[in-house]
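Heads up, the thing below is written out as structure tokens.
Just so you know, all these numbers are worked out from the coordinates, no wet-lab data involved. Being a predicted model, the structure only gives us computed values, none of them experimental. Don't worry about glycine lacking a Cβ; one is built from the backbone with ideal geometry, like all the others, and counts go over all protein chains shown.
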Amino acid sequence: QPEQQTKEVVMISGYSGTGKTTLAFELKKKSTKGAFVTGKFDQYSSGEPLSAISQAFGELCRMTVKKGATLCKEIEDVLRAELKSEVYLLTQIIPDLKEVINQETEHAEASDDATSEARQVRLNYAFRI
């Protein structure tokens, strides 16, 4: 029941070689409800902004697509109702989201689109849901 669902995020940090990945996969074994996804910042994708978030949400998108078109449509409806054309921002960070919403999302030009601060504000808004 949606009213009783909770959203939880666990972030694990530490120095290389300390067992963070092992810990994450041990947590995954014990996870019985919901979706468990992982994303990893590493030296090879450190230049890519939000790479770990993109990986984790990409995995979640692929899981969603496997569950069928009905769930994808429900998610698309919620995203579009909340974000309208700003769904484009999420598809730029999470390319797999295009498979969930089942179409290319056109970027609606906004008057303040040129400033990185304005883009950051809209991105923060998009991630609040």
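For this structure, a couple of remarks:
- For the pair ARG80 and THR18, a Förster radius of 25 Å applied to the C-beta separation gives a FRET efficiency near 0.05, rounded to the nearest 0.05.
- For ARG62, neighbours were defined as the other residues whose beta-carbon sits under 9 Å from its Cβ, and their charges (Lys and Arg +1, Asp and Glu -1) total -2.
- Using a cut-off of 32 Å between Cα atoms, the listed pairs LYS7/LYS98; LYS30/LYS84; LYS40/LYS73; LYS20/LYS73 include LYS30/LYS84; LYS20/LYS73 as exceeding that distance.
- Packing-based ranking of 27-36, 76-85, 92-101 yields 92-101, 76-85, 27-36, ordered from highest to lowest mean Cβ neighbour count within 10 Å.
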